Every structure is written in structure tokens, then in C-alpha cells.
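Working notes for the structure below.
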Amino acid sequence: MTTAICTLFEGDYHYGVGVLANSLYGNGYRGDVWVGYRGNLPAWVTPLTQQDGYQALKVNDQLSLNFISLSTSLHFSFYKPTFMQELWDRFCPDVETLCYFDPDIVNRGPWDFYERWIARGIALCEDAWADFLPADHPIRLAWQEYLSSKGHAVKRQLFRYYNAGFVGLPRAHRSVLDLWEKLMVTVDNDDAYMKRGIPHTYPYINAYDQDVLNMTLMVSDYPLTTVGAEGMDFNKRGFLMSHAAGGNIIKPWRKKLIAQAFRGVPPSHTDKLFWQYTQTPIQVYPADYAKRQQQALSLASAIGRFVHRV
């Protein structure tokens with residue numbers, strides 16, 4: 001099976017891109033990582049070669065990062081299905097499988113597992129609050145009413161809620177991307193997303209790309225293959241990914257490890273994984289800085305044994 005990986009970044013999320021690529025490679029991935037970006041490329045992205053519509057960083061004979069400058073004004077959370085379709089249409093039309101990862105994910109799982117997983121259908125992970133929207137929840141029923149009013153009949157009752165930070169897709173099911181994109185446009189045109197900042201207002205669409213992904217799954221019958229919240233280290237630790245996501249989560253590259261430890265917030269498992277993958281095969285940080293951060297990580301972990309948040 002031929003597979004390509006993609007992600008999107010702007011600003012300092014480039015640190016996450018480098019670590020994501022290193023962690024995938026370290027667990028067996030060999031191939032292309034397609035990176036859509038807005039703004040400037042970081043210093044670690046060198047040397048680059050100009051290709052048809054993108055710039056390539058050939059890391060070694062087995063891994064390349066391909067950077068595509070994007071002009072869209074959309075928030076990148078809303079651009080995921082469009083980007084994946086553009087990749088299949090223009091940049092990697094021959095790949096059988098395409099996987100999107102958010103740039104604040106560190107991979108932990110063997111790539112062979114992913115290959116076998118995605119061959120079974122659309123691969124997804126449950127969100128941290130996976131069970132908060134059963135099929136008979138009033139919010140889910142409001143979505144059903146809203147979708148019906150737009151001509152989309154519900155084909156599947158979902159009892160779980162899925163995170164949009166990872167989507168693995170066989171080419172045979174790529175039309176789900178078009179449906180996901182069209183529903184996001186519908187929601188945007190109706191001004192239905194949080195009623196532009198007013199939460200808990202009908203039809204209760206709050207997490208735009210993620211809610212609409214789950215709505216897309218309700219009105220389609222593509223085969224799904226899903227893992228629980230442990231697939232992203234939410235609630236309990238698994239073996240696949242570690243996702244630095246959530247309202248109170250500080251991204252690993254921004255966290256002041258020792259200061260946070262004294263506040264009763266010790267390094268998370270994601271923090272530890274992040275600093276494990278900063279040096280090879282891509283050197284995202286200078287070696288001396290990475291070493292200091294590893295030392296800070298050890299000290300912060302020790303502090304965390306004694307300092308606890310009340």
C-alpha cells in the first residue's frame with residue numbers, strides 16, 4: 001500500500017511538524033509528508049529544492065517533507081478536507097491512502113499498524129469526550145434536524161464523537177472529503193457555527209471542523225474503523241498517538257517546564273515524547289538547546305513529585 005501523510009501549519013506550529021515527521025519515521029514510516037503552510041518557513045527547513053508547485057526537503061533516501069505555500073484565508077482547521085483533496089488531485093494522485101495529522105501530535109505507534117488499520121475503512125480516533133454525544137442527545141438530534149433541513153438524510157446513528165486531529169482515508173472513500181467540505185461551507189453560509197460566538201445556540205455547532213466531521217459521518221455510510229480516546233492519549237495512555245489538545249493544554253514547544261511544575265503542572269507524557277523526537281532525522285532545535293530542555297524536563301518531573309495543584 002502506498003501512503004502519504006499530510007499536515008498544516010502556521011506560526012510556531014512548525015516545531016510540531018518537525019517532531020511529527022521524526023516520530024513517524026522513528027516508528028517505521030517511509031515516504032512523503034505533505035505540509036501546507038502560511039507565512040515563513042523555519043530555519044530547520046533546509047536545504048530546499050524547488051519542485052512543481054512545492055518545495056522539497058529531502059531528509060534522506062526514505063523521507064521527504066514537501067512544503068506547499070497556501071493563500072487561503074480560512075483557518076487551517078477548516079481547510080483540512082480541501083487540502084487533502086488538492087493533494088490527491090495534483091500532488092500525489094497515485095497514493096492509495098492519505099493520512100492527515102494535526103501538527104501537535106506525536107506518533108507512538110508502529111506504521112505497520114496504521115497501514116492495516118486504514119485498509120479497513122476511514123480511520124478515526126475518539127475524542128477526549130467521546131461519549132458526551134450519544135445518538136439521542138439533544139445536540140445530536142438538533143444536528144439531525146439541521147442536516148435534514150439541508151437535504152441530508154441521516155444514514156447512521158453515532159454513539160461516539162470523533163476527533164478531527166487524525167483522519168486516515170483509503171482513496172476508495174475520498175468522496176467523504178467533498179461531503180465534509182460542502183457541509184462546512186453550508187454551516188458557514190448559514191452562520192450556524194456558534195452563531196458567530198454565541199455558544200449553546202441552535203443548532204449547537206461549536207467545534208467547527210470536528211462537529212461537522214461528525215455530522216458528515218452521520219449522513220454517509222462509508223465504513224469506519226475507530227479506536228478509543230486512548231488512541232491520542234486522552235483520558236488514559238494508549239500506544240498510537242499523543243495529542244497536545246484541549247483548552248488548558250500548553251503546546252510542548254511553548255511550555256516553560258520548570259515554571260509549570262512549580263505551579264503544580266508537571267510535564268505530560270506528550271511533553272516527554274515531544275523532546276524525544278527533536279533531533280533525528282530532522283534537527284528541529286540546536287543540539288545544545290534540546291539537551292537543556294531534556295535537563296529541564298527531568299528537573300520538572302522531579303518537582304512534580306512534590307508540588308501538586310490544589
Using a 1.4 angstrom probe on heavy atoms only, work out the carbon and sulfur share of the accessible area of the chain in %. 51 percent
If you only keep lysine pairs separated by 8 or more in sequence, or across chains, how many in the chain come under 14 Å at the Cα atoms? 6
Got a sec to turn the phi values of the range 47-59 into Karplus ³J(HN,Hα) couplings, 6.51 cos²θ - 1.76 cosθ + 1.60 with θ = phi - 60°, whole Hz, x for Gly and Pro? x, 9, 10, 7, 10, 6, x, 7, 10, 10, 10, 7, 6
For the range 130-183, take every pair of Cα atoms, bin their distances at 10 Å starting from 0, and report each bin as a whole percent. 20, 47, 32, 1
If you average 1/r across every pair of different Cα atoms in the range 217-293 and take the reciprocal, what Kirkwood value do you get, in Å? 14.8 Å
Given the Cα-Cα distance of Asp188 and Ala287 and 0.36 nm per residue of separation, how much length would full extension add, in nm? 31.2 nm
If amide H atoms are modeled at 1.01 Å from N in the peptide plane, then the residues at a separation of 5 or more from Gly238, or on another chain, having amide H under 5 Å from its own are Asp233
Would you work out the charge dipole size for the chain about its Cα centre, treating the Cβ of every Lys and Arg as +1 and the Cβ of every Asp and Glu as -1, and quote it to the nearest 20 debye? 1020 debye
Roughly speaking, what is the centre-to-centre gap between the range 92-168 and the range 5-67 when only Cα atoms are used, to the nearest Å? 24 Å
Hey, if you drop one equal point scatterer on each alpha-carbon of the range 56-129 and run the Debye formula without solvent, what base-10 log of I(q)/I(0) do you get at q = 0.13, 0.22, 0.23, 0.26 Å⁻¹? -0.52, -1.50, -1.56, -1.56
Work from the charge dipole of the chain (Cβ charges, +1 for Lys and Arg, -1 for Asp and Glu, about the Cα centre) and give the residue of Leu74, Ala4, Ala290 farthest towards its positive end. Ala290
Taking N as the number of residues in the range 76-228, what value does Rg over Cα atoms divided by 2.2 N^0.38 Å take? 1.03
Determine the dipole magnitude for the range 62-111: charges of +1 sit on the beta-carbon of Lys and Arg, -1 on that of Asp and Glu, nothing else is charged, the reference point is the Cα centre, and the result goes in debye to the nearest 20. 100 debye
For the range 25-92, what is one quarter of the convex hull surface built on the Cα atoms, given in nm²? 5.4 nm²
Work out the FRET efficiency for Ser73 and Ala128 from their Cβ-Cβ distance, taking R0 = 30 Å, and round it to the nearest 0.05. 0.55
Could you bin all the Cα-Cα distances of the range 168-220 into 10 Å bins starting at 0 and give me the percent of pairs in each, rounded to whole numbers? 25, 51, 18, 6
Run the numbers on the chain and let me know its relative contact order in percent, using alpha-carbon pairs under 8 Å that are six or more apart. 20 percent
Might you report the magnitude of the Cβ-based charge dipole of the range 174-310 about its Cα centre, with Lys and Arg at +1 and Asp and Glu at -1, to the nearest 20 debye? 1040 debye
Leaving out ligands and nucleic acids, note down the accessible area per residue over the range 151-300 with a 1.4 angstrom probe, in whole Å². 47 Å²
Which residue fluctuates the most in the chain, going by a Gaussian network model with Cα springs under 10 Å, if the choices are Asp233, Asp94, Asp104? Asp94
When averaged across all projection directions, what area in nm² does the alpha-carbon convex hull of the chain cover? 16.5 nm²
Among Val265, Val17, Val212, which one shows the biggest mean-square fluctuation in a GNM of the chain, springs joining Cα atoms closer than 10 Å? Val265
Fluctuation leader among Gln85, Gln51, Gln276 - the chain, Gaussian network, Cα springs under 10 angstrom: Gln51
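The values are calculated or read from the model by the stated rules, or taken from the named source; none is laboratory data. This structure is a prediction, so every number in the text was calculated from the model and none was measured. For neighbour counting, all protein chains shown are included, and Cβ atoms are generated from backbone atoms with ideal geometry for every residue, glycine included. The area values use the complete protein model at the heavy-atom level, side chains included, leaving out ligands, DNA and RNA. Shrake-Rupley method; radii C 1.70, N 1.55, O 1.52, S 1.80 Å.
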